[in-house]
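Student: The structure's right below; bear with me while I get my questions together.
The values are calculated or read from the model by the stated rules, or taken from the named source; none is laboratory data. All figures in this text were calculated on a predicted structure; none of them were measured in a lab. As a convention, Cβ positions derive from the backbone with ideal geometry for all residues, glycine included, and neighbour counts pool all protein chains shown.
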Amino acid sequence: MLATALVALDSTIIATASSSIAKDLGHFQQLPWLFSVYLLAQAVSVPIYGRLADVLGRKRLLVIGIALFLAGSILCGAAWSMPVLIVGRVIQGLGAGAVMPISMTITSDIYTLEERAKTQGYLASVWGIASVVGPTLGGVFSQLGEWRWIFWINIPLALVAGFMLIRSYHERRNETTVRERIDYLGAALLAGGTTALLLGLLEGGTTWAWASGSSIAVFAAAALLLIAFVVVELRVEHPIFSLALLRRRVVAASTIASLIVGVIVLGLSTYVPIYAQDVLGTSALIAGFALAALTLGWPLSASQAGRLYLARGFRATSMIGAGLVLVGAILAVTLGAHSAIWFVAICCFVVGCGMGLTAVPTLIAAQTSAAATERGAVTGTNMFARSMGSAVGVAIFGAVVNSHVTLSAAGVPEGPGLMTAMHLVFLSILIIGVALFVAVTFMPAHRRANGNGDSSAGAVEAEPASMTAAVEML
């Protein structure tokens, strides 16, 4: 729970403080990198840690992950410039890539099926608490002018979690387990291609012109690396990202929905606090409460998603969720320079409720369409898609904002251009929400699904255990 708290708290606390960080360190245009590089490092490293855990042991990998997260937090807290802070976020992301999957795996190893429901509930409570405490603490630290404490607070958590793990967890390793080769080449190509894509999106139109030689070269390099990644993944025996799974309609629809969910959530998490503070003129604490409405609506609706999809089916539940996302996005488009902060919170809450009703049934539908030996790969593909969607989404929104804002001498946004940029962000979220609604219409209509996403009497029934695990993971 302590190790999970590191990642859960960090995912919500930094968004509220982003405006204060930009004002202190400058370089507002580099702000999206704080989120993109963290998510990219986490997404690429998750499958590698999963394979290494079988070779080196889960305990050793989790300790390494906690240590990396601690080192990254210390560097972020001591950062004297935005580039240093970005490097610290990369190290944090590499640590988070180990903490999240391995902590869940250890829980599955040491508890029986009956005990696991309760312990997974404890882990889920960490995310629920973090959804409220994170934005609030971020707002408090920012309002006090002490944003560095959003990183310093990780130090005692990491030290205690590492100490308890080393002292109390005694791992029993199975030395006869078949070792699968790790797709290091695929991971490197994916990291390189995605980083080049992020670089082109974030720096294009600011550091260099969109039609300049630098921009063309960066995007060309990204395209070549990603094409090479696809070629490698189609040929390697144990790919880091299984493209073959995407041939199934239900898995493809679930993966696309997960990617879009990542785009929307990180877009709002990044720019709602900036809008609230720099356009509406609220304090960082109030901005944190507005963002907390998003992260609070998600678990509230997710807790009811299982009951709803059992009664109405996967497709109906997902479409209700996507419809709520559209309603929240339409409300967000109406926000202006003098909107009430409570209305901002309502928009976020409605979108959050929609996310909870979309993310859960789409993942469970994909899991139930797969055999037991494929379920882990399907779940990993879904998680990977959401992380990549978050990373690329922040970069796209960052490009939109950077092309419209005017920076002061201190490197912070000023003037009416910021409101124009925020309106374009909300309008983009509405358009992406439409794509989400279209994607979920390809989900199976009932709670039985075969590999193609169709209803089938002979298909695998959704298991309560898999549903519980999916809800707790989300």
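Student: Kindly establish whether residue 351 is under 14 Å from residue 294 (Cα atoms), modelled with pLDDT of 85 or more, within 19 Å of the chain's Cα centre (by Cα) and β-branched (Val, Ile, Thr).
Tutor: It is true that residue 351 is under 14 Å from residue 294 (Cα atoms), modelled with pLDDT of 85 or more, within 19 Å of the chain's Cα centre (by Cα) and β-branched (Val, Ile, Thr).
Student: Then there's this: Give the residue that is surrounded by the most Cβ atoms within 10 Å (Cβ to Cβ), with candidates limited to residues of region 228-241 that are in contact (Cβ under 8 Å) with a residue 24 or more places away in the chain and assigned to a helix (DSSP H, G or I).
Tutor: Step one: filter region 228-241 for residues in contact (Cβ under 8 Å) with a residue 24 or more places away in the chain, giving 228-229, 232-233, 236-241.
Checking the rest, the ones that are also assigned to a helix (DSSP H, G or I) come to 228-229, 232-233.
Numbers: 228: 17, 229: 25, 232: 18, 233: 19.
The extreme case among them is 229.
Student: Being over 30 Å from residue 314 (Cα atoms) and either in a loop (DSSP other than H, G, I, E, B) or out of contact with any Lys or Arg (no Cβ under 7 Å at 6 or more places or on another chain) (or both) is true for just one of 252, 188, 244. Which residue is that?
Tutor: Details: 252 fails: over 30 Å from residue 314 (Cα atoms); 244 fails: over 30 Å from residue 314 (Cα atoms).
The unique qualifying residue is 188.
Student: Might you check whether a residue that is assigned to a helix (DSSP H, G or I), under 30 Å from residue 277 (Cβ atoms) and at pLDDT 75 or above occurs anywhere in region 361-371?
Tutor: The answer is no; no qualifying residue exists.
Student: Would you be able to say whether some residue in region 253-261 is farther than 30 Å from residue 16 by Cα and surrounded by fewer than 19 Cβ atoms within 10 Å (Cβ to Cβ)?
Tutor: No, region 253-261 has no match at all.
Student: Only one of 88, 50 is at pLDDT 75 or above and assigned to a helix (DSSP H, G or I); which? Break it down into steps so the answer makes sense when it comes.
Tutor: Working: 50 fails: at pLDDT 75 or above.
Answer to the selection: 88.
Student: Going through region 57-73 one residue at a time, which ones are surrounded by fewer than 18 Cβ atoms within 10 Å (Cβ to Cβ) and of a type in the set (A, V, I, L, M, F, W, C)?
Tutor: 67, 71
Student: Name the single residue, out of those in region 154-183 being of a type in the set (Val, Ile, Thr) and at pLDDT below 85, that is farthest from the chain's Cα centre (by Cα).
Tutor: Restricting to residues being of a type in the set (Val, Ile, Thr) and at pLDDT below 85, the top hit is 176.
Student: State the number of residues belonging to region 305-335 that are touching a residue at least 40 places away in the same chain (Cβ under 8 Å) and farther than 17 Å from residue 428 by Cβ.
Tutor: The total comes to 14.
Student: Cβ contacts < 6 Å: first residue without any contact (Cβ under 8 Å) to a residue 40 or more places away in the chain and farther than 11 Å from residue 198 by Cβ, restricted to region 385-404; second residue of a type in the set (Ser, Thr, Tyr) and surrounded by fewer than 24 Cβ atoms within 10 Å (Cβ to Cβ), any location; separation 6+ or different chain. Result?
Tutor: Pairs found: 404/420.
Student: Can you tell me which condition residue 147 does not meet? The list is (1) of a type outside the set (Lys, Arg); (2) modelled with pLDDT under 80; (3) crowded, with 18+ Cβ neighbours inside 10 Å; (4) not in a helix (DSSP H, G or I), and all the others hold.
Tutor: Tallying (1) of a type outside the set (Lys, Arg); (2) modelled with pLDDT under 80; (3) crowded, with 18+ Cβ neighbours inside 10 Å; (4) not in a helix (DSSP H, G or I), residue 147 fails exactly one: (2).
Student: Could I ask something else about it? Output the number of the condition that residue 282 fails; it satisfies all remaining conditions of (1) at pLDDT 85 or above; (2) of a type in the set (S, T, N, Q); (3) not in a helix (DSSP H, G or I).
Tutor: Of everything listed in (1) at pLDDT 85 or above; (2) of a type in the set (S, T, N, Q); (3) not in a helix (DSSP H, G or I), residue 282 misses just condition (1).
Student: Next up: Among the candidates 423, 404, single out the residue that is in a loop (DSSP other than H, G, I, E, B), at pLDDT 75 or above and in the same structural domain as residue 251 (by TED's automatic domain parsing). Let's see the steps before the verdict.
Tutor: Details: 423 fails: in a loop (DSSP other than H, G, I, E, B).
It is 404.
Student: Of all residues in region 207-242, how many are under 24 Å from the mean Cα position of the chain (by Cα) and among the charged types (D, E, K, R)?
Tutor: 1
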